Structures are given as C-alpha cells and as structure tokens.
Amino acid sequence: ARADIGVTGLAVMGRNLARNFARKGHTVALHNRTQSRVDDLVKEFGDEGDFVPSTSLEEFVGSLKTPRTIVIMVKAGAGTDAVIDELTPLLDEGDILVDGGNAHFEDTRRREKDLREKGLNFVGAGISGGEVGALEGPSIMPGGSDEAYRTLGPILESAAAHVDGEPCCAHLGPDGAGHFVKMVHNGIEYADMQAIAEVYDVLSAAGFTAQEASDVFRRWNEGDLESFLVEITADVLAQVDAGTGRPLVELIRDEAEQKGTGRWTVQIALDLGVPAPVIGDAVFARSLSGDQELRGATGGVLVGPDRAMGDVDRDALVDDLGAALWCAKVMAYAQGLAMIRKASAEYDWDVDVATVARIWRDGCIIRARLLKQISDEYAGQNLPTLLVAPSIKDGLGERQEAWRRVVATAVTAGVPVPGLSGSLASYDTARATRLPAALVQGLRDDFGAHTYRRTDKEGSFHTLWSGDRSEVSAD
Ligand code: NBP
C-alpha cells in the first residue's frame, strides 16, 4: 500500500481534485463505479503525477497507506450513502472518509455519528470553485474531528487555493460545520448573482448594450467590487453568439435553475430563526423566473411603467449602481455570516467567522476583495453583525444614498430589483430604532389574545378587545 489519499467518484469534480492532489506530489488512489472514468483519467493525465488506479473498491482500499484517507466525490444524497455503505466494511478503525460533495449538513451530522460509533472518522468537507477550482486550487471547508484534520489537513491545505501564502482551507469545527459553511457560501452566491443580474437589468433599461454593460463590470472588477462573479459577468455579457451575431445573454432563456443549496440555506435560516431575506429573495427570484404558468398569465399583461428611464446621466448611474451592488453584497454576507454564527452556537461548533471569510478569499465562487476586509474586521472579535464592523458600517453609510437612488430609479421605471431593494429594506430595518412590529403585536393580541409587552413597564399584557378594552396583566 503506497497511496497517500484516494478519490472515489471521478466525474468532473473528483477527477480534477485527484489531479490536483497528484500535482502537489501526493500518490493518489483512483476509483469510480464505472471503470472507464478511472482508465480515462490515467490515459489522459497519468503523467501529471503518481496515480494508483483500481478496478474494485477492495483493490482501491488495499492501495492506501493507513490510516487511510478517502475522498468521496459522488452525487450528493443516495450516491454518497451507497458509497459509504460499500466502503465501511473494508475500512479499519481510525481511517478517514471525506465527503467532498454538496451534502446537507444534517446528513453529514448523521453520517459522522454513525461512522464515529464504528471507529471511523467522517469529515464533511465543502469544496467550492467548480471544476476549475478543484483542479487549480479550491476553497475547502472541512468539518469533522480534530484527530481527522491532523492527518487530512496538510493534504487538503496543499491542494487548496492560497492567498498571501495562506491556504483557503481550515478546520471549521466538528461534524457538519464544514458543509453548513459551504451551504451558506452557496446561499450568498445566489444573492450575489441576483444583485448582479438586477444591476445588468437596470443598465439595459437605461440603454446600455450588453457590451457596454460588460465594460462597466470589467472596470468594477479593478476596484472594490473585484470578485470572481463580477469578473465572469464581464465575460458572459461580452459573449457574442456565433450564429446570430447578437449578444449571447439576449438569446439565453430567462429561467434560472437551481440545484437546491440556496433553498436549503433559506429553509435552515427559517429553522434557526435567522433572517436571511436577501438570500430568500434570490432563491424566490429564480423560482419566479421559471414559473411559466404565472409569467405567461401576467407578463406584458399587468399594468405599470415600461422600463423607460428618460435621459439618464450614464456615468452617475454607473457610480450609483456600483455602490448599490457593493451594499447588496455586504447585506448578503451579513445575513449569511449571521446564520453561521447562530448555527455555530446552536450545534456547539465554535466556528470562527474570521477564518470563514479568510478561506473564502480565493478558490471559490464568492471570492471577492471584500472578504479580506470582512476577515480583518472579525479577527479577534465576535461582532454581533458584520454591519457594525467599522469599515463596513462606514462603507454602507457612504453608499446608502446612491443605493436609494438606484432603487428609486428602478422602481419608478418598473424594473424589478428584489435583491437591491430587499437588501436596502434589510439595512433600514437594521437601522431602525422602532419597528411597526408593535402594531403586529397589537393585532395578534386582538384576534388571538397572544399578549404583548410594553415599553414602559415589565410583564405581559392583554387588552380585553371584545370587552371593555381595559388592559389586564397576562403574567
Ligand atoms: P456528479 O454529481 O454528477 O456525480 C457523478 C459521480 O457520482 C460519478 O462518479 C458517478 O459514478 C457517481 N455515482 C453516482 Br451519480 N451514484 C453512485 C452510486 N450509487 N455509487 C457510486 N458512485 C455513484 O459529479 P460532480 O459534478 O463531479 O460532483 C461531485 C460532487 O461535488 C457532488 O456532490 C456535487 O454536488 C459536488 N460539487 C460539484 C460542483 C460542480 O461544479 N460540479 C461544485 C462543487 C461541489 P458513475 O461514473 O459510475 O456514474
């Protein structure tokens, strides 16, 4: 047995991760349910490093040094359970199984507990960056035990992206912590993409061609909006369809699809009682875009402005949109990080938010210049929310007027901007010193005797709404 690490599941992600490990000097055992994927990898990329192909799980397990370290990169869900069930009888106490797929963190908690009882280490590791990241250096978010990380950590860290010499990989906490953080990463990704798409929509309504919009994003990518998503937005908007000569974006059907991690994020936010409306709006915007029945009935039918913006000062609009995009992005991070903080307390994970922001700085879809700022702000302190980090608070303060102008312009023209406007509503809610929740409580007490608390005295109260309207103590 000579392999340092094994990868089973050699579709795009697993194949590239295996090549990445091999390029870093590790001897990599290979396995896949369908043999051709193993053979193809060795044939095409065998000269990139030291691979040990296998034709069965037994052979695969037998080729690994002990304690064995195996990364599972198969389709999340039933596929992962099937592979675990087949592997478990072949393993010995202390071996380490890593699930690098997009598992739900509750599944990871369940699997970790089951395997721990069998003496095995199970590590749920979120891996971001798509297929290019897997090959060239992803952001890796591992959970699992300290013991497992001692063996696994150096290998994962060697394969991860690096910023200023630091790996974009760190042990985030026990059991499901890594997959939870990866899930939130994806939720933030949804929100970020929605805000970007809305900004493009406003630019279009203002008369910018796709190429002109691409130029705007290209320029933004050299400033404080620098990020992977802004960079590829410039590329996608600049793409011209070979057949028609038209911008490709204008020919792509406007129905956004989803694989489910955004939906999970919103479901879990509701379960945890952490408000994440910016992520929710992004998930719902995708669902709405794909609702053909609804859109067929209402599109072009309901009355409202026709998106015309009249004579706009293009440079001023671009500046305002850049500011609004930065603010919307910050709100998505704030809500996502709040979820991580709450879950960490709930599940006793002790996740360090500064570390999360640090390992997102490169190798993942949401990598952004802003993340260094966020990481620095959280270093050494447990902020109640990102919004009060001094440089973030000031950044929002400086940009909030522009953000309002963008929302006002879009709303007046009838351009839907749920991400940009919803995030602004979240900001104003956070700023408010008094909310209309007071009236909500009054209404709840009226129809359901749910009681309310008062600003001027302690205790719970109920008004006899259908009686003489006097107030009684409800304690
Ligand atoms: P897929 O999610 O498309 O899964 C294909 C792999 O799963 C193949 O190796 C396939 O084997 C194997 N597999 C399946 Br399906 N059912 C199996 C079973 N019952 N037993 C054994 N093997 C089984 O691959 P992917 O796109 O490379 O993604 C891998 C994981 O990484 C997923 O969890 C995904 O969510 C996650 N991820 C993907 C991306 C991305 O950009 N694609 C990014 C980040 C994370 P076969 O060859 O025999 O059919």
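Summed over the range 134-173, residues that are away from the ligand (no atom under 16 Å from the Cβ), over 24 Å from residue 346 (Cβ atoms) and not in a helix (DSSP H, G or I) total 6. Kindly check whether there is at least one residue in the range 126-133 that is in contact with a helix residue (DSSP H, G or I) (Cβ under 6 Å, 6 or more places away or on another chain), assigned by TED's automatic domain parsing to the domain that holds residue 75 and assigned to a helix (DSSP H, G or I). Within the range 126-133 (the criterion being in contact with a helix residue (DSSP H, G or I) (Cβ under 6 Å, 6 or more places away or on another chain), assigned by TED's automatic domain parsing to the domain that holds residue 75 and assigned to a helix (DSSP H, G or I)), the answer is yes, since at least one residue qualifies.
On inspection, residue 301 does not qualify as modelled with pLDDT of 95 or more and either crowded, with 19+ Cβ neighbours inside 10 Å or touching a Leu at 6+ places or on another chain (Cβ under 8 Å) (or both).
Residues that are polar (S, T, N, Q) and within 15 Å of the ligand (Cβ to nearest atom) within the range 1-42 comprise 8, 16, 20, 32, 34, 35, 36, listed in sequence order.
In the range 27-42, the residues that are closer than 11 Å to residue 54 by Cα reach residues that are among the hydroxyl-bearing types (Ser, Thr, Tyr) and within 9 Å of the ligand (Cβ to nearest atom) with C-beta atoms within less than 6 angstrom, at least six apart or across chains, in these pairs: 31/8. If you go through the range 343-401 and keep only what is more than 19 Å from the chain's Cα centre (by Cα), within 29 Å of residue 145 (Cβ to Cβ) and polar (S, T, N, Q), you end up with 381, 382. Out of curiosity, is residue 307 outside any loop (DSSP other than H, G, I, E, B), of a type in the set (D, E, K, R) and touching a residue at least 40 places away in the same chain (Cβ under 8 Å)? When the stated conditions are applied, residue 307 does not pass them.
All but one of (1) farther than 25 Å from residue 418 by Cβ; (2) at pLDDT below 95 hold for residue 355, so report the exception by its number. Only one criterion is unmet by residue 355, namely (2).
Taking the listed residues 123, 98, the one that is surrounded by 23 or more Cβ atoms within 10 Å (Cβ to Cβ), at pLDDT 95 or above, within 19 Å of residue 32 (Cα to Cα) and more than 10 Å from the ligand (Cβ to nearest atom) is 98, with no other qualifying. When 77, 62, 129 are screened for being at pLDDT 95 or above and not acidic (Asp, Glu), only 62 passes.
When each of 347, 378, 333 is tested for being under 24 Å from residue 281 (Cα atoms) and either modelled with pLDDT under 95 or of a type in the set (Ser, Thr, Tyr) (or both), the lone residue that passes is 333.
Rundown of residues vs (1) closer than 21 Å to residue 319 by Cα; (2) surrounded by 14 or more Cβ atoms within 10 Å (Cβ to Cβ); (3) not assigned by TED's automatic domain parsing to the domain that holds residue 160, yes/no style:
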{"site": "362", "(1), (2), (3)": "no, yes, yes"}
{"site": "379", "(1), (2), (3)": "no, no, yes"}
{"site": "385", "(1), (2), (3)": "no, yes, yes"}
{"site": "392", "(1), (2), (3)": "yes, yes, yes"}
{"site": "396", "(1), (2), (3)": "yes, yes, yes"}
{"site": "404", "(1), (2), (3)": "yes, yes, yes"}
{"site": "461", "(1), (2), (3)": "no, yes, yes"}
{"site": "465", "(1), (2), (3)": "no, no, yes"}
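Of everything in the range 43-91 that is within 15 Å of the ligand (Cβ to nearest atom), hydrophobic (A, V, I, L, M, F, W, C) and part of a loop (DSSP other than H, G, I, E, B), the residue that is nearest to residue 14 (Cα to Cα) is 73. Across the range 386-410, the number of residues qualifying as of a type in the set (Ser, Thr, Tyr) and under 16 Å from residue 425 (Cα atoms) comes to 1. Look at the range 3-20: where a residue is assigned by TED's automatic domain parsing to the domain that holds residue 160 and a partner is within 13 Å of the ligand (Cβ to nearest atom) and acidic (Asp, Glu), sitting 6+ places away or on another chain with Cβ atoms under 7 Å, you get 12/131; 13/131; 16/131.
The values are calculated or read from the model by the stated rules, or taken from the named source; none is laboratory data. Note that the structure is predicted; figures quoted are calculated from it, not measured. Please note: Cβ atoms are built from the backbone with ideal geometry, for glycine as well, and neighbour counts cover all protein chains shown.
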